[in-house]
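The next block holds one structure in the form of structure tokens; read it before the comments.
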Amino acid sequence: MLYFVDGKFTKQDELCISIDDRGYYFGDGVYEVIKVYGGELFTAEEHFNRLFQSALKIKMTIPYSEQQLMDVARQLIDQNGIEDGHIYMQVTRGAAPRQHHFPTPAVPAVVTAYSVNGERPLSNMEKGVAIKSVADIRWLRCDIKSLNLLGSVLAKEEAREAGCTEAILHRDGLVTEGASTNMFGVKNGVVYTHPVTNLILEGITRQVVLGLCQELNIPVQEQAFTLAEAYAMDEFFYTSTTAEVMPVTEIDGRQVGDGKRGSLTEKLQQAFTERIAKKTVKNTI
Ligand code: PSZ
């Protein structure tokens with residue numbers, strides 16, 4: 001497997017990262033995970049746009065163009081022979097002696113990227129999964145896809161220890177999103193999800209799914225709901241780049257709806273699969 005580190009493609013045993021990298025000290029950087037289907041990037045333009053937006057929000061300059069980073073991703077796919085899987089790419093504020101404020105003089109940002117082989121989670125997509133509620137103790141800029149992930153790490157571990165695949169995060173009982181997913185409930189044919197604010201990451205999969213709802217004439221309310229309302233939804237699902245549209249059949253040990261994947265959820269999964277087939281040629285939604 002080839003890795004991309006700071007301008008060069010290298011093998012794992014030859015790659016070198018500075019101990020002074022600010023990603024290592026402070027989590028001072030941003031990242032993206034981009035899905036690969038049939039050797040092609042899915043919604044790549046949206047992911048690279050978000051990477052540059054995240055960098056802008058933390059006042060960091062990426063020393064490459066979106067096109068150059070897209071080429072890096074494509075080369076990783078080709079060189080490593082990735083058919084289905086994903087690309088991980090991160091950019092940190094560079095390497096400099098440890099001081100909290102930005103380095104002066106500025107140092108170039110460090111880009112690293114690698115590819116991973118992975119199948120779609122088809123079995124869980126059919127069966128559904130269980131999730132656990134965890135208080136959302138993250139910071140107030142969850143709109144930035146930052147490398148600071150302790151809040152998500154602790155939430156995900158708590159969920160795993162309870163035998164769940166994901167944590168459903170809430171602030172004072174209002175559901176925000178998952179540890180690494182966006183949360184959706186369906187009640188009386190209407191899809192509910194948290195609006196785009198500083199409290200959630202605007203997921204690319206979320207955007208694709210909301211677009212599909214529009215095409216399928218499924219009404220959507222981008223409106224926060226409570227944990228109690230979540231328990232009482234007819235259907236529930238979460239979305240992410242790797243989880244796609246994942247049915248939730250149990251929240252905090254309570255059965256959701258009839259305990260099986262919901263029909264509207266299944267319809268969205270089918271539409272999502274068709275979208276993959278249509279759009280894995282190069283970039284846009
Ligand atoms: O492989 C994995 O577990 C992945 S790949 C991407 C994610 C997880 N999560 C992205 C994410 C997130 O970190 C938070 C806090 N909210 C929502 C999402 C979903 O974003 P998209 O749809 O862009 O992947």
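Laboratory data are not the source of any read-out in this text; all were calculated from the coordinates shown. Given the structure is predicted, the values throughout are model-derived calculations rather than measurements. Note that each Cβ is placed from the backbone with ideal geometry, even for glycine, and that neighbours are counted across all protein chains shown.
Quick notes on this one:
- Charge tally in the Cβ shell below 15 Å around LEU174, where Lys, Arg are +1 and Asp, Glu are -1, LEU174 excluded: -3
- Shape call, region 44-197: gyration tensor on alpha carbons, a/c limit 1.5: oblate
- Ordering SER123, SER240 from the fewest to the most neighbouring beta carbons within 10 Å gives SER123, SER240.
- Each Lys or Arg adds one and each Asp or Glu subtracts one; over the other residues with Cβ under 10 Å from the Cβ of VAL191, this totals -1.
- Positive minus negative residues near GLY262 (Lys, Arg vs Asp, Glu; Cβ under 10 Å): -1
- Around the amide H of LEU41, modelled in the peptide plane, lie the amide H atoms of LYS282, all under 5 Å away and 5 or more residues distant in sequence or on another chain.
- Estimated 222 nm signal from helices in the chain, with DSSP H stretches of n ≥ 4 weighted -39500 (n - 2.57), rounded to 500: -9000 deg cm²/dmol
- Per-residue Cβ neighbour rank within 10 angstrom, fewest leading, HIS47, HIS100, HIS194: HIS100, HIS194, HIS47
- 31 Å Cα-Cα threshold exceeded, pairs from LYS132/LYS278; LYS35/LYS132; LYS57/LYS127: LYS132/LYS278; LYS57/LYS127
- Shape category assigned to region 58-137 from the gyration tensor of Cα positions, a/c cut at 1.5: oblate
- Gap separating the Cα centres of region 234-283 and region 77-110, nearest whole Å: 32
- The angle between the Cα long axis of helix 263-279 and the longest principal axis of the Cα atoms of the chain comes to about 30 degrees, rounded to the nearest 10.
- Alpha-carbon centroids, region 150-166 and region 180-232: separation in whole Å: 21
- The long axis of helix 204-215 is offset from the longest Cα principal axis of the chain by roughly 40 degrees.
- Bridgeable lysines around LYS187 (alpha carbons under 18 Å apart, same-chain partners fewer than 8 residues away excluded): LYS260, LYS267.
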